[in-house]
1. If I ask for residues that are in a loop (DSSP other than H, G, I, E, B), among the polar types (S, T, N, Q) and either surrounded by 13 or more Cβ atoms within 10 Å (Cβ to Cβ) or touching a Ser or Thr at 6+ places or on another chain (Cβ under 8 Å) (or both), which ones from the stretch 211-253 would you list?
2. Quick check on my filter: what residues within the stretch 191-210 are over 14 Å from GLY17 (Cα atoms) and part of a strand (DSSP E or B)?
3. Go through the stretch 134-156 and report how many residues are over 22 Å from the mean Cα position of the chain (by Cα) and at pLDDT 95 or above.
4. Please find, within the stretch 103-112, the residue that is nearest to ILE83 (Cα to Cα) out of those that are outside any helix (DSSP H, G or I) and not hydrophobic (A, V, I, L, M, F, W, C).
5. Just to be sure, is THR41 farther than 18 Å from ALA178 by Cα, among the hydroxyl-bearing types (Ser, Thr, Tyr), assigned by TED's automatic domain parsing to the domain that holds ILE222 and buried (at least 23 other Cβ atoms within 10 Å of the Cβ)?
6. Scan the stretch 116-136 residue by residue and report those that are surrounded by fewer than 20 Cβ atoms within 10 Å (Cβ to Cβ) and not in a helix (DSSP H, G or I).
7. For the structure I just gave you, tell me whether GLY206 is modelled with pLDDT of 95 or more, farther than 23 Å from LEU159 by Cα and among the small types (Gly, Ala, Ser).
8. What is the residue count in the stretch 64-87 for residues that are in contact with a strand residue (DSSP E or B) (Cβ under 9 Å, 6 or more places away or on another chain) and closer than 18 Å to GLY138 by Cα?
Amino acid sequence: MKQALTVTKLQRMKKEGVPITMLTAYDYPSAKLAEEAGVDTILVGDSLGNVVLGYDTTVPVTLEDMIYHARSVARGAANTFRIVDMPFMTARVSRELTLQGAARLMQEGHAHSVKIEGGAEVAEQVKACVDAGIPVIGHIGLTPQSVHQMGGYKIQGKLEAEAARLLDDALALQQAGAYAVVLELVLGPLADDISSKLDIPTIGIGAGAGCDGQVLVYHDVIQYASPYTPKKFVKTYADVGSQIREALGGYVEDVKARRFPAEEHTFGIAAAQPAAVYGGGSK
């Protein structure tokens, strides 16, 4: 039986040059399929707000949403290392609220780790969680919870000052005790530089091949959306959305044309069953 990775094993993978695979999942069947496919880690991301709940951003996602979906994923991928996002503002208000939220994700959501967006400004909260025994993975670059402040989904690290800040943020998270850090939409050369300067793994999404691992959104990998919007940093491996739409359309057509249910889908009256079951005999 597959055993879930641990924080120390993930860090050893960086030292040994073994790429880390991470994929999002938000429910039982998706998590089960991801585990069967052999992914190293599953992220229950607040991106569920976009791809599952239909929001424009991740901002409306609540702690209750994350706990609900994390529990489903835990049932489907019991033997895979699971990370759960701290949603909007749950790691920004105070040390106490951060610890309370992280504790709920661990206890009720059955997470192995939490992910906190932000750099040096959240280092204190990261350290508080780590000191309390809660593993934390950081997330810098494009941080979707701050998309309104950033002015949209933009590539990060283009300016020299911005690049320097991202490196400082990564180092601050490492110093605070984060066991890894996600780099999102960061220029490839900058992500390479950050990865080389950190002792902990970097997980890239739109940050080039120089990171120690990669993460993608489940729905992007298989085009499970309607309509699907292609993204430069995503490689899709299937077009499940079109297959689902065609299958459902076939069902609708068959029912309308009275092709379904057919004889092979219908139960006949078995001689051994009382006629009363069908309303035609005495009780």
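1. GLN223, THR236
2. GLY204, ILE205, listed by residue number.
3. Qualifying residue count for the region: 0.
4. HIS112
5. no
6. Listed by number, the residues that qualify are ALA132, GLY133.
7. In short, no.
8. 7
The values are calculated or read from the model by the stated rules, or taken from the named source; none is laboratory data. Keep in mind it's a predicted model, so treat the numbers as computed, not measured. Glycine also receives a Cβ, built like all others from the backbone with ideal geometry; neighbour counts cover every protein chain displayed.
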